[in-house]
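Remarks on the structure that follows.
Any read-out appearing in this document is the output of simple, stated calculations on the displayed coordinates, not a laboratory observation. Quick caveat, the model's predicted, so the values are computed rather than measured. Cβ placement follows ideal geometry from the backbone for every residue including glycine, while neighbour counts extend to all protein chains displayed.
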Ligand code: SAH
């Protein structure tokens, strides 16, 4: 299938990640009316003016996250639930936070319908993370922040990895890898990307 070929051609090699990308039916997560484009390698609109990320970027960030089967993963920005579905195939447990209740409710239903029972979707502010469920082995943020949110760095366990887009809302953002060790946090800048902004607080509109 062309979808998988594109991911391989663009350099995704991790077998577990490729298997997860192959497993999850992206057409269940794209917005109404976009079904024919489900397997094109591009971001597509979903409700609340948000987007489902480009498959290559989902695969790339997931590969960089280096998820192991025993890991507990925190995702910020549930959106369609697609990234959470992919993570559910790789991790023991996924907690995903979305600021729009409408998106969180829709994603929760889809993930349950697809049998991805190890994902918990919550409505809330991702800048606060989920302190009552911390520490996390892995954290992935799928909206662009101007800098690494301190609460998320705090909730990363020792030996943990966080992958997130960092940069101005209207300029060039980069995927950044943050690793936490006993000596502190280390940062590494990866590829340039374009994400919707990470906005403070739970959305007031639905
Ligand atoms: N991972 C998603 C990508 C959705 S786009 C997917 O696979 O479809 C990013 C999402 O982040 C949007 O739905 C947006 O509402 C959400 N978001 C932005 N700021 C947030 C915050 N502070 N807390 C939680 N979610 C946030």
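Points to keep in mind about this one:
- Cα gyration tensor category, rounded, prolate or oblate, for the stretch 2-193 with a/c compared to 1.5: rounded
- Counting DSSP beta bridges with both ends in the chain, the antiparallel % (nearest 5): 45 percent
- For the stretch 94-206, the gyration tensor built on C-alpha atoms gives an oblate shape. Its axis ratio a/c (a ≥ b ≥ c) is at least 1.5, and a/b is not larger than b/c.
- Relative to its Kirkwood radius, the Cα radius of gyration of the stretch 10-111 gives an Rg/Rh of 0.94.
- Computed over the chain: relative contact order in percent, which uses C-alpha pairs under 8 Å that are six or more apart: 16 percent
- Mean-position separation - Cα centroids, the stretch 143-201 and the stretch 76-122, in angstrom: 20 Å
- Residue 172 paired with residue 133, simple spin-label distance in nm, labels 7 Å along Cα-to-beta-carbon: 3.5 nm
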